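Taking it in order: structure first as structure tokens, then the write-up.
Just so you know, all these numbers are worked out from the coordinates, no wet-lab data involved. Note that the structure is a prediction, hence the values are computed from the model and not measured. Here the Cβ positions follow ideal geometry from the backbone for every residue, glycine too, while neighbour counts run over all protein chains shown.
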Amino acid sequence: MPLSRRALLRAGGTLAAGAAGLWAFSPREHRSRAGIPPGRTVLTYWEKWTGIEGDAVQQVVDAFNSSQSRLWVYRLPVSDQNSKAMVAVGGGDPPDIAGLFSYSVPQYAQAGAALSFEELGIPIGPEHYAPAVAKCLTHDGKLYAGANTCYTLALYYNTEHLSQAGRPPPTTLAELDSAAETLDRADPSGTLHRVGLLQTLPWWWPYAWPVLFGDPLYDEGTGRVTIDSPASNSAFEWLAGYPRRLGYDRARAFASAFDRSFLSAGDPFLSGRVSMCLQGPWMANFARRFAPDLKYGVVPFPRMPEDVPGSPPRGVVECDVLIVPRGAKEPAAAAEFVAFTQRQDVQEGLCRAHCKPSPLASVSASFVRTHTHEGISVHNEIVSSPAAVVLPRIKSWKEYAVRTQTAFDAIWRGDDAGSTLGALAKSVQRLVDREAELQRRRGSTP
């Protein structure tokens with residue numbers, strides 16, 4: 001089933017350019033083959049993670065290689081793997097396994113660049129996963145990927161800062177705003193040296209704020225982009241209130257000091273310069289490494305005024321995924337490795353090492369009890385929440401996210417939220433409509 005030229009070009013440029021990039025992997029690949037036991041069928045696994053996350057993934061690879069004597073998986077760290085893997089599929093020389101993002105699944109499925117679990121004979125169905133995670137892994141009702149950990153976003157707070165201010169962890173938006181203002185600190189000249197909350201620290205998920213206010217970003221039933229909804233407008237008006245209160249120039253100067261410091265000793269939260277932030281579960285790993293004396297807690301993002309106490313928490317659920325690309329030299333063997341990684345013991349071990357919640361429908365009691373992240377139950381709760389939202393299952397999601405960041409920046413600088421979001425919705429809707437028309441022209445077969 002050939003990959004369309006349009007999909008190839010969208011994924012990362014011409015095949016010639018991609019081939020030049022792939023060539024650069026060959027010396028490293030050659031070295032990585034040293035020490036492979038003779039007689040093993042070798043599987044190539046491209047993965048994005050390095051550092052402590054990469055080490056944890058390598059432990060899974062090592063466990064699989066030790067579990068049998070027929071196959072050998074070797075992992076290659078690859079940057080921009082989403083584009084490179086698509087180019088490799090188009091060129092007829094993909095890896096056997098590729099570690100991608102959940103937003104890659106619709107793109108690869110529609111382009112015919114990934115093999116479904118049904119085609120691979122992997123005896124796992126969507127019910128194996130938490131409902132939101134299953135949605136991340138499927139397209140048109142078929143599983144095309146296995147989970148390679150998942151994550152949610154929650155509110156992290158400095159317990160000492162809140163205690164000194166006599167504040168409990170916020171549970172409502174009003175409590176959050178009041179606490180943030182109370183925790184701000186400035187010197188006599190007005191220069192900020194601590195803020196209670198600043199939504200540009202970090203700035204990585206501008207699309208999460210509308211979700212937390214109740215906007216799913218996209219309506220699958222109608223095919224409409226919803227970023228201009230009343231909920232999104234409320235979210236961005238709320239966001240814009242912070243630089244208005246702090247002073248745009250002061251807030252910008254404060255935030256710019258951390259451009260290169262995230263998830264390091266100089267991270268604004270880990271260094272105590274920010275009292276509260278929206279972050280993922282990996283924060284526990286980095287706190288342990290760079291700020292071992294930091295006292296912090298984790299709660300779901302505070303509920304909206306219309307939410308009743310006890311409402312299920314809202315949040316974005318995202319997944320890192322494993323796919324078997326179409327054209328893989330050893331698809332059956334690759335399927336065996338993917339199935340191995342989806343076992344509860346293997347998945348929970350990897351998630352524990354990454355300080356992440358489990359993506360599975362069934363979570364063992366020992367997983368929570370022995371987890372190194374003391375707030376992991378909060379992230380687990382969001383994963384399984386009926387109010388959890390996954391990113392829009394459209395091929396143009398990445399461009400949608402980029403344009404949302406541009407709109408976020410404009411509103412943060414003072415542009416009108418309603419008109420900015422209206423223009424954003426129209427521009428992204430054109431992308432979505434174009435995709436739908438192209439799909440209709442191609443028919444149901446990629």
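Here the contact order of the chain, divided by its residue count and restricted to Cα pairs under 8 Å and six or more residues apart, works out to 24 percent. Can you compute the FRET efficiency between ASP409 and ILE36 using 1/(1 + (r/R0)^6), with r the Cβ-Cβ distance and R0 = 45 Å? Round to the nearest 0.05. Working from the Cβ atoms, E equals 0.40. Model label sites at ALA365 and ALA253, defined 7 Å from Cα along the beta-carbon direction, differ in position by 5.7 nm. On the basis of the beta-carbon distance and an R0 of 60 Å, ASP187 and ALA332 show a calculated FRET efficiency of 0.40.
In the structure displayed, which of LYS295/LYS356; LYS356/LYS398; LYS84/LYS142; LYS295/LYS398 lie more than 29 Å apart, Cα to Cα? In this structure, LYS295/LYS398 exceed 29 Å between Cα atoms. Axis of helix 417-442 versus longest Cα principal axis of the chain: the two differ by about 10°, to the nearest ten degrees. Counting every other Cβ atom within 10 Å of each residue's Cβ, SER396, SER163, SER178 order from fewest to most as SER163, SER178, SER396. For the stretch 155-186 versus the stretch 35-110, the spacing of their alpha-carbon centroids is 43 Å. Apply the Kirkwood formula to the stretch 117-172: the hydrodynamic radius equals the inverse of the mean of 1/r over all pairs of different alpha-carbon atoms; give it in Å with one decimal. When all Cα pairs of the stretch 117-172 are included, the Kirkwood radius is 14.5 Å.
So what does log10 I(q)/I(0) come out to for the stretch 389-437 at q = 0.16, 0.33 Å⁻¹, using the Debye formula with one equal point on every Cα and no solvent? Taking Cα atoms of the stretch 389-437 as identical point scatterers yields -0.47, -1.19. Dividing the mean sequence gap of close Cα pairs (under 8 Å, 6+ apart) by how many residues the stretch 269-400 holds gives a relative contact order of 34 percent.
For the stretch 207-302, the alpha carbon convex hull comes to 129 Å³ per residue, rounded to a whole number. Distant-in-sequence amide contacts of LEU43, defined by a placed amide H-H separation under 5 Å and a gap of 5 or more residues or a different chain, comprise TRP72, VAL73, TYR74.
Spin-label pair LEU438-SER311: with each label point 7 Å from Cα along the Cα-Cβ axis, the two points sit 3.7 nm from one another.
The stretch 320-367: percent of C-alpha pairs farther apart than 13 Å? Percent of Cα pairs beyond 13 Å in the stretch 320-367: 60. Simple spin-label estimate for ILE124 and ILE52 gives 2.5 nm between the two label positions (7 Å along the Cα-to-Cβ direction from each Cα).
The calculated 222 nm mean residue ellipticity attributable to helices in the chain amounts to -13500 deg cm²/dmol, summing -39500 (n - 2.57) over DSSP H runs of n ≥ 4 and dividing by all residues. Work out, in µm²/s and without decimals, the Stokes-Einstein translational diffusion coefficient of the stretch 254-307 at 10 °C, 1.306 mPa s, Rh from Kirkwood over C-alpha pairs. Calculated translational D: 130 µm²/s. For the chain, the Kirkwood estimate of hydrodynamic radius, built from reciprocal distances between every pair of different alpha carbons, is 23.2 Å.
Here's the list of lysines a cross-link from LYS135 could span, going by alpha-carbon distance under 17 Å and ignoring same-chain residues fewer than 8 apart: LYS395. Our summary gives the stretch 182-231 a relative contact order of 20 percent, counting only alpha carbon pairs under 8 angstrom and 6 or more residues apart. Could you tell me the center-to-center distance, by alpha carbons, between the stretch 302-380 and the stretch 384-446 in angstrom? One Cα centre to the other: 26 Å.
Convex hull volume of the Cα atoms of the stretch 308-409, normalised per residue: 168 Å³. Packing here is the average count of other Cβ atoms within 10 Å per residue, and on that basis the peptides 359-371, 45-57, 317-329, highest first, run 317-329, 45-57, 359-371.
Proximity of backbone amide H atoms, modeled 1.01 Å from N, is registered between VAL321 and LEU100, PHE101, SER102, ASN148 at under 5 Å, excluding neighbours fewer than 5 places apart on the same chain. Packing, taken as the mean count of other beta carbons within 10 Å per residue, orders the peptides 247-254, 231-238 from highest to lowest as 231-238, 247-254.
The residues packed around LEU71, meaning those with a beta-carbon under 11 Å from its beta-carbon, carry a net charge of -1 if Lys and Arg are +1 and Asp and Glu are -1.
Across the stretch 350-446 the C-alpha pair distances fall into 5 Å bins from zero in the proportions 2, 11, 14, 12, 10, 11, 14, 13, 9, 4, 0 percent.
When each of the peptides 381-387, 117-123, 182-188 is scored by the mean number of other C-beta atoms lying within 10 Å of its residues, the order from highest to lowest reads 381-387, 117-123, 182-188. Normalising by residue count, the stretch 135-269 has a Cα convex hull of 156 Å³ per residue.
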